[in-house]
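Q: My structure is below; once you've seen it, I'll send some questions.
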Amino acid sequence: AFSLLDSYIYGFVLQETSLPFSPEEVPQAAATMLPGAAGAEYAHFAEMVTAFALKPDYSYTAEFEFGLELILDGLEREASAPADAQPPAAVLTAGASAGAKGHASS
């Protein structure tokens, strides 16, 4: 849980401090980036920028808070799960191991 929170928070801070423009300059910066990103190779990026980041009410802080709430909700759900419940990662790992063993003997 600590690594998940650390990575999310650190990643957001790193991105915010590394951007070559301030949040107020996003529309201007996006306008210069979008023509080069309009092609098929960056179509999803261009769509995200025009659908979200260029909206007048877009808030980088709100994006951070939304993601943090998703993480915290997931951690809370895992913490309140019955003690005998196997976490999804353990199920996937066990399934992969069983599949690998079955494959080797075929």
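The values are calculated or read from the model by the stated rules, or taken from the named source; none is laboratory data. Given the structure is predicted, the values throughout are model-derived calculations rather than measurements. Positions of Cβ are generated from backbone atoms using ideal geometry, with glycine treated the same way; all protein chains shown enter the neighbour counts. Just so you know, the surface numbers come from the protein's heavy atoms only, side chains and all, with ligands and any DNA or RNA stripped out. Shrake-Rupley method; radii C 1.70, N 1.55, O 1.52, S 1.80 Å.
Q: Using a Förster distance of 35 angstrom, determine the FRET efficiency expected from the C-beta separation of Glu78 and Glu25, and round it to 0.05.
A: Efficiency computed from Cβ-Cβ geometry: 0.35.
Q: Could you work out how far apart the two model spin labels at Ile71 and Asp57 are, taking each label as a point 7 Å from the Cα in the direction of the beta carbon, and quote it in nm?
A: 2.6
Q: Okay, moving on. So if R0 is 22 Å, what FRET efficiency would Met48 and Ser7 give, r being the distance between their Cβ atoms, rounded to the nearest 0.05?
A: Working: r = 21 Å, r/R0 = 0.95.
It comes out at approximately 0.60.
Q: Right, next: Rolling a 1.4 angstrom probe over the protein chains, ignoring ligands and nucleic acids, what is the accessible area of Leu54 in square angstrom, nearest 10?
A: Here the accessible area works out near 60 Å².
Q: Next up: Accessible area per residue of the range 9-54 at 1.4 Å probe, in Å²? List each step's numbers first, then the result.
A: Numbers: 3390 Å² over 46 residues.
Result: 74 Å² of accessible area for each residue.
Q: Follow-up question, since we're still on this one. Take Glu47, Glu24 and sort them by solvent-accessible surface of the protein heavy atoms, 1.4 Å probe, largest at the top. Spell out each step's value before the answer.
A: Numbers: Glu47 115, Glu24 145 Å².
Greatest to least solvent exposure: Glu24, Glu47.
Q: Within a Cβ distance under 12 Å of Leu72, other residues only, what is the Lys/Arg minus Asp/Glu net charge?
A: On the way: positive: Arg77; negative: Glu65, Glu69, Asp73, Glu76, Glu78.
It works out to a net charge of -4.
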